[in-house]
2 protein chains.
Amino acid sequence: MTKRAFDKIKAGLDSAKAYLDGTADKSLYRVHVPEKVDVRKIRTRLGLSQEAFAATYGFALSAVRDWEQGRRKPERSARILLKIVEKEPEAVTRALAG
Amino acid sequence: MTKRAFDKIKAGLDSAKAYLDGTADKSLYRVHVPEKVDVRKIRTRLGLSQEAFAATYGFALSAVRDWEQGRRKPERSARILLKIVEKEPEAVTRALAG
DNA sequence: AACGATACTACGGCATTGCCGTAGTAAATG
DNA sequence: CATTTACTACGGCAATGCCGTAGTATCGTT
């Protein structure tokens, strides 16, 4: 057994101890979900019609309309998805391909 | 039969003709939105508890529970988002950072 | 000018989900 | 054995999802 291995084990034990002590950070990684999303802005920046936008990213056309017309607010998961469409649109099409 | 009705029928026939002619190019990139998503599978592969999973990707804990317990089915946007979490989890955290 | 296509607004309306809370079960650990 | 973590199970209201239809504005074509 190398000294390296020993150090690793010790480090593990130390963090286990810290966990038990309550010294450890039990906070969960918590992402921020935006309360408002400007759907029209995201869509027009991509140069797409409502229909094309819906078809390209999997939204229901009726939902896109409700959102842009301010009739309804996209719910949590939709807001997150819209953020991804804004920042990394390709990630969406990749995930839905195949 | 009103003139209005006739016009509608004619319009329908015309666009059907155009469609058959190939004159109409209505090609929209259309992605496939999965009807079913195995939330538990996605979560456990990431080695996260329901709480950590929810906190990390922005879901409501109650929604994750409803989905895994088969009480409710994630709706369209949520299914898409879950697919992205499955294929490119980092893309989600990147989009929600900052 | 009349027409057809495109893009969008506006909205009725039902089914379904989102999301909150609480109680109960099971396993691990001090 | 009491406590903590992780999860099941579910009541219940408010809100959205999603479908459909009608109406307006614009534009290129005939």
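The values are calculated or read from the model by the stated rules, or taken from the named source; none is laboratory data. Just so we're clear, the structure is a prediction, and the values are computed from it rather than from any experiment. Positions of Cβ are generated from backbone atoms using ideal geometry, with glycine treated the same way; all protein chains shown enter the neighbour counts. Remember, those area values only see protein heavy atoms, side chains included, never the ligands or the DNA or RNA. Shrake-Rupley method; radii C 1.70, N 1.55, O 1.52, S 1.80 Å.
List of remarks:
- Within segment B:55-65, tally of residues that are of a type outside the set (G, A, S) and either within 9 Å of DNA strand C (Cβ to nearest atom) or over 13 Å from A:Y29 (Cβ atoms) (or both): 4
- Among the helices (runs of 4 or more DSSP H) confined to segment A:27-98, the ones with at least 1 residues that are within 7 Å of another protein chain (Cβ to nearest Cβ) are located at A:50-57, A:76-87, A:89-96.
- Within segment A:53-81, tally of residues that are closer than 19 Å to B:P34 by Cα and more than 10 Å from DNA strand D (Cβ to nearest atom): 5
- Filtered by the rule that a residue be within 14 Å of DNA strand C (Cβ to nearest atom), open to solvent by 50 Å² or more (accessible area, probe 1.4 Å) and over 11 Å from the mean Cα position of the chain (by Cα), segment B:31-54 gives B:S49, B:E51.
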